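Chemist: A single structure is presented below for examination.
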Amino acid sequence: MPFESKWAATCIGSMPDLDAEEICERVLYMFPELPFWPQLVKMASQENMIIQVTEGLPCLEIDLKTQKVLYKGEVDRYKAFSTFYENYLSNNLDYFAISEGYAKGFYTLLGKIAHDPSLPCKYIKGQVAGPITFGGCVEGVDQKPVLYDSEIMDIVKKGLAMKVLWQAKEIKRLGKSPIIFLDEPYLSGFGSAFVPLAKETVINSLNDTIEEIKTRDDVLVGIHCCGNTDWPVILQTKLDIVSLDAYGFVDYFILYPQDIKNFLDRGGIIAWGIVPTTQFTGEETASTLLDKLDKAIQILVEKGIRGEAIVNNSILTPSCGMGFMSYEDSRKALTLLVEVSRAATERYGA
């Protein structure tokens, strides 16, 4: 699936809105090339990125008040696991659907696109929690994350892959191509004492999930990490798009020019999260943000990466989700993102 929308703008997912109709109209108007479905995290606890993908996964207990997900191994584990694997092996994607109460923005956005075939988008972007983050956030029977339980993680990887494939199926019904990000904020701590994970565990968990997706359907898969991480490890996986907080951490990302070059040479795409979210002040301008990005690009060019390879394989996003920004600041950030996209197109060419 060749990607043809360089410097297109899209978003990570979460938004502070309470009106699904209004935000989806805005998404289609502001991001006509690469619309995304918004996660409405303030509308319902079910839209929490971990809770949102729990349907169909066995032995999980959800506390909507605390927004915690617990693995309950004392339930009828054999029966629950058998049901899961039966549906997985039969490729029953609808069993792994995310229902409307958990993803109002998904249904609203796709409904609007279905009713207006004149909309120009070739792609629709979606997202799910990635396997490392999901496994790190779900508490097991021993009060440790299930991330360290290989039996449960097999279910996590397969289950999340099926949810990606279900989204892809629904998007393709509209004649559009799916781009789905695995959101991995947990990887921000990877390499530190706080997240004691072996390099091989990270690579295998991500690759297993990506392979589950790609062996069953043609889907562009991205990985989003909203902090600093071990970028060479991420770039070595089988992802198509690497999504980073370029506003806060681009200087760390460009420390690995050879890994970036190898990634671009195999057709990889960089999603530069150049518009700040948690650090947003309202004083930022498209010019200053693009200059910051251009400086990073020029450093990579000096390190031996062709500028054309970067320019032809770049999209723009906010640094992270906007779900916990104020409504007013989120609107300013969306406008700024569109302005940066236009400025980048003018500077580098479409």
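The values are calculated or read from the model by the stated rules, or taken from the named source; none is laboratory data. Model, not experiment: these values are computed from the prediction. Note: ideal-geometry Cβ built from the backbone for every residue, glycine included; neighbour counts use all protein chains shown.
Chemist: Please indicate, with yes or no, whether at least one residue in the stretch 220-232 is under 29 Å from residue 281 (Cβ atoms), of a type in the set (A, V, I, L, M) and part of a strand (DSSP E or B). First the steps, then the outcome.
Modeler: Going through the stretch 220-232, the residues under 29 Å from residue 281 (Cβ atoms) turn out to be 222-229, 231.
Then keep just the ones that are of a type in the set (A, V, I, L, M); that gives 223.
Now narrow it down to the ones that are part of a strand (DSSP E or B): 223.
For the stretch 220-232, residues under 29 Å from residue 281 (Cβ atoms), of a type in the set (A, V, I, L, M) and part of a strand (DSSP E or B): present.
Chemist: Any idea which residue in the stretch 47-76 is farthest from residue 97 (Cα to Cα), counting only those that are out of contact with any Leu (no Cβ under 9 Å at 6 or more places or on another chain) and outside any loop (DSSP other than H, G, I, E, B)?
Modeler: Only one residue fits best here, namely 68.
Chemist: What number of residues within the stretch 86-110 are surrounded by 14 or more Cβ atoms within 10 Å (Cβ to Cβ) and assigned to a helix (DSSP H, G or I)?
Modeler: Total meeting the criteria: 12.
Chemist: To continue, here is another question. Considering the stretch 317-345 alone, what residues qualify as being farther than 16 Å from residue 294 by Cα, among the polar types (S, T, N, Q) and part of a helix (DSSP H, G or I)?
Modeler: 330, 335
Chemist: If you go through the stretch 5-31, how many residues are surrounded by 19 or more Cβ atoms within 10 Å (Cβ to Cβ) and among the polar types (S, T, N, Q)?
Modeler: 2
Chemist: If I ask for residues that are in contact with a strand residue (DSSP E or B) (Cβ under 7 Å, 6 or more places away or on another chain), closer than 20 Å to residue 132 by Cα and of a type outside the set (A, V, I, L, M, F, W, C), which ones from the stretch 37-51 would you list?
Modeler: First pass over the stretch 37-51, keeping only residues in contact with a strand residue (DSSP E or B) (Cβ under 7 Å, 6 or more places away or on another chain): 37-41, 47, 49-51.
Still in the list and also closer than 20 Å to residue 132 by Cα: 39, 47, 49-51.
Those that are in contact with a strand residue (DSSP E or B) (Cβ under 7 Å, 6 or more places away or on another chain), closer than 20 Å to residue 132 by Cα and of a type outside the set (A, V, I, L, M, F, W, C): 39, 47.
Chemist: Follow-up. Kindly list, by first and then second residue, each pair from a residue in the stretch 326-350 that is touching a residue at least 24 places away in the same chain (Cβ under 8 Å) and of a type in the set (D, E, K, R) to a residue that is assigned to a helix (DSSP H, G or I) and surrounded by fewer than 19 Cβ atoms within 10 Å (Cβ to Cβ), limited to pairs with Cβ atoms under 8 Å and residues at least 6 apart or on different chains.
Modeler: That search, which allows pairs on different chains as well, returns 347/294.
Chemist: In the list 89, 60, which residue meets the criterion of being at pLDDT 95 or above and either in contact with a strand residue (DSSP E or B) (Cβ under 6 Å, 6 or more places away or on another chain) or over 17 Å from residue 159 (Cβ atoms) (or both)? Please lay out each step first, then the result.
Modeler: On the way: 89 fails: either in contact with a strand residue (DSSP E or B) (Cβ under 6 Å, 6 or more places away or on another chain) or over 17 Å from residue 159 (Cβ atoms) (or both).
Result of the check over 89, 60: 60.
Chemist: Inspect the stretch 193-208 for any residue being assigned to a strand (DSSP E or B) and without any contact (Cβ under 8 Å) to a residue 60 or more places away in the chain and give the result as yes or no.
Modeler: Pass one, the stretch 193-208, residues assigned to a strand (DSSP E or B): 195.
Keeping just the survivors that are without any contact (Cβ under 8 Å) to a residue 60 or more places away in the chain gives 195.
Within the stretch 193-208, one or more residues are assigned to a strand (DSSP E or B) and without any contact (Cβ under 8 Å) to a residue 60 or more places away in the chain.
Chemist: Looking at the stretch 234-258, which of its residues are of a type in the set (S, T, N, Q) and not in a helix (DSSP H, G or I)?
Modeler: From the stretch 234-258, those of a type in the set (S, T, N, Q) are 236-237, 243, 258; that's our starting set.
Residues satisfying the conditions are 236, 237, 243.
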